[in-house]
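K.L.:
For reference, the structure I am asking about is given below.
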Amino acid sequence: MTIEERLIHLLNVSYPKTLTSLELADELDLEESSVDNLTADLKDRNYPITSHKQKHRLAYPVVSLLDIKKGLETTFIGETLHLHSTLRSTNAYAKENLSKHREGTVILAQEQTSGKGRLGRNWSSPMGGSISMSVIVKPRIDFAKIPLLTQLTAASLVKALESIADVKIKWPNDIILNRKKIAGILIESEFRGDSLSGIIIGIGINTNLNKHNMPDSFRDKASSVKAETHTVVDPNALIQSFLIHFENDYLAYMTTGDPSPFLSLCTEYSALIGKDYWVTGKDHKRKATVKTIDSFGRLVVTYHDTNVTEAINSSAFSIRGADSYI
Amino acid sequence: MKNEEIKELIQLIDQSSLTHFEFQNASASLKLSKRDADSTNQTLDSVQASEQVSTLKQESKAKQTEKTEMEVDSVEVENAEDESFHLIKSPIVGTSYLSSSPDSEPFVKAGDTVEEGQTVLIIEAMKVMNEIKSDIKGTVEEISVEDGQAIEFDQTLIKIKAT
């Protein structure tokens, strides 16, 4: 545990109250001047710390391993946690180090410089405004089960988020709040020939980002929990809750092979079902009504032009509202 | 249909009491019929007439020829050629991507040298990006699929000549 991590932890615990340099110095066994240098340094590195007359506070709580671990009641997911201040992307890092990490390892970053999610790219924002997390799993499963992990993860994420916001799922991998994307899932697996090396469950959640920190072009499509609910999110409680739900859902799926519990949650929380969308393929764009999600996790749509009902599972399709993101 | 599968099928039919068997799928059609050669039950006595020996030899040769014909019939020529290449097949149903993004260079092209562990393509399914790495070192003989193509389980993706 570095001195930095301990300082962040202390500020998290006292949030939203301030701590004086003297209080921090006592706790950390440092000189007051060292505390002032440390907080100035963290501020330079874009941490959301405000300091005034030797009083320090966070604009919002930030990710801290001490705070995630406290009360993390899982058996293997998150048993090992790594937090980096800056990574290109947590998924890329997890992939590069896949063989070194055991099943259940969680990689976190305070800041991602080139996250893979389409909407998360190139945001310059204060550290800790979003959660960037990758969970490594190495199951011995029938590979046909792998594609449904996206919707399993979406269901676990909704369970973790529903107590703080009225979220919905835009099939299959985006989490929506007030018709805007606030979280996304990107799962990557690695095969050597026909042998599975591991699976990386990548999750990005816009927790405490401010509207003005997002590029104009994304403001009508994306948002953050705080921007929509006007309430500050505790990222550590959210991560902890997600890891607990994910472990339960993942173990159940591995044991029973039955996707119906999470698929029915995805159906219940669907942002698409019952509405009309443009289904865009390689060389066509057709209006369709979204009917349901079938037992294979596919989206069932009825096209308006032919009245034919079809189950979609291909990446060749993208779903858009007539004149908005969703 | 793989050669091994056909051999296994022939063995199974051989050991069964069936005298006739027909099978057809997209890649192969197979007709097997057993002739009453009884060769396995015959014991060769050293004093047996040479005539009989030669008849038996002929019979067993005929049976062998029949088997060879069946194998040739059922296996496509293309498949037979593949024996000399290492095939990387799809572990999953999905869509193939030959590059990491639409504007980037393909992971590999025919003629390229690949190292063990090098990414050769991605099969996407339900927003899960399955990165397929080569399990051998060699030269890419052929990329057997196109970018954005729908891929079946076990479909050949890439042929590699081991080096």
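K.L.:
If you check B:T156 against the conditions, is it open to solvent by 10 Å² or more (accessible area, probe 1.4 Å), hydroxyl-bearing (S, T, Y) and within 12 Å of another protein chain (Cβ to nearest Cβ)?
P.N.:
Yes.
K.L.:
Let me ask another. Out of A:S85, A:S34, which single residue is part of a helix (DSSP H, G or I) and surrounded by fewer than 19 Cβ atoms within 10 Å (Cβ to Cβ)?
P.N.:
A:S34
K.L.:
Give me the strands (runs of 3 or more DSSP E) completely within region A:262-318, filtered to those with at least 1 residues that are in contact with a helix residue (DSSP H, G or I) (Cβ under 9 Å, 6 or more places away or on another chain), ordered by residue number.
P.N.:
A:285-293
K.L.:
So which residues in region B:83-127 are within 12 Å of another protein chain (Cβ to nearest Cβ), outside any strand (DSSP E or B) and charged (D, E, K, R), if there are any at all?
P.N.:
Those that are within 12 Å of another protein chain (Cβ to nearest Cβ), outside any strand (DSSP E or B) and charged (D, E, K, R): B:E115, B:E116, B:K127.
K.L.:
Something else about it: Report, by residue number, each residue of region A:141-170 that is in contact with a Leu (Cβ under 7 Å, 6 or more places away or on another chain) and facing another protein chain (nearest Cβ under 9 Å).
P.N.:
A:F143, A:Q151, listed by residue number.
K.L.:
Name the residues in region A:194-232 that are under 26 Å from A:P16 (Cα atoms) and open to solvent by less than 10 Å² (accessible area, probe 1.4 Å), would you? Lay out the reasoning, then the answer.
P.N.:
Looking only at region A:194-232, we keep the residues that are under 26 Å from A:P16 (Cα atoms), and these are A:204-214, A:223-232.
Listed by number, the residues that qualify are A:I205, A:T207, A:N208, A:L209, A:M214, A:S223, A:S224, A:V225.
Conditions (1) modelled with pLDDT under 95; (2) open to solvent by less than 10 Å² (accessible area, probe 1.4 Å); (3) in contact with a Pro (Cβ under 6 Å, 6 or more places away or on another chain); (4) in a strand (DSSP E or B), marked per residue:
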{"residue": "A:V135", "(1), (2), (3), (4)": "no, yes, no, yes"}
{"residue": "A:S156", "(1), (2), (3), (4)": "no, yes, no, no"}
{"residue": "A:K159", "(1), (2), (3), (4)": "no, no, no, no"}
{"residue": "A:I169", "(1), (2), (3), (4)": "no, yes, no, yes"}
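K.L.:
Pull up region A:1-43, narrow it to residues that are over 14 Å from A:L58 (Cα atoms) and of a type in the set (V, I, T), then point me to the one that is modelled with the lowest pLDDT.
P.N.:
A:T2
K.L.:
Go through (1) away from chain B (no Cβ under 14 Å); (2) in contact with a strand residue (DSSP E or B) (Cβ under 7 Å, 6 or more places away or on another chain); (3) small (G, A, S); (4) under 18 Å from A:M133 (Cα atoms) and name the single condition A:A222 misses.
P.N.:
Tallying (1) away from chain B (no Cβ under 14 Å); (2) in contact with a strand residue (DSSP E or B) (Cβ under 7 Å, 6 or more places away or on another chain); (3) small (G, A, S); (4) under 18 Å from A:M133 (Cα atoms), A:A222 fails exactly one: (4).
K.L.:
Still on this structure, please answer the following. State all residues of region A:182-193 that are open to solvent by less than 30 Å² (accessible area, probe 1.4 Å) and part of a strand (DSSP E or B); if no residue qualifies, say none.
P.N.:
If the condition is that a residue be open to solvent by less than 30 Å² (accessible area, probe 1.4 Å) and part of a strand (DSSP E or B), then A:I182, A:A183, A:G184, A:I185, A:I187, A:E188, A:S189, A:E190, A:F191 are the ones that fit.
K.L.:
Further, regarding this structure: What are the residues in region A:254-310 that are farther than 23 Å from A:S156 by Cβ and small (G, A, S), if any?
P.N.:
Within region A:254-310, A:G274, A:G281, A:A288 qualify.
The values are calculated or read from the model by the stated rules, or taken from the named source; none is laboratory data. Worth saying up front: this structure is predicted, and the values here are computed from it rather than measured. Note: ideal-geometry Cβ built from the backbone for every residue, glycine included; neighbour counts use all protein chains shown. Please note that ligands, DNA and RNA were not included when accessible areas were found on the heavy atoms of the full protein model with its side chains. Shrake-Rupley method; radii C 1.70, N 1.55, O 1.52, S 1.80 Å.
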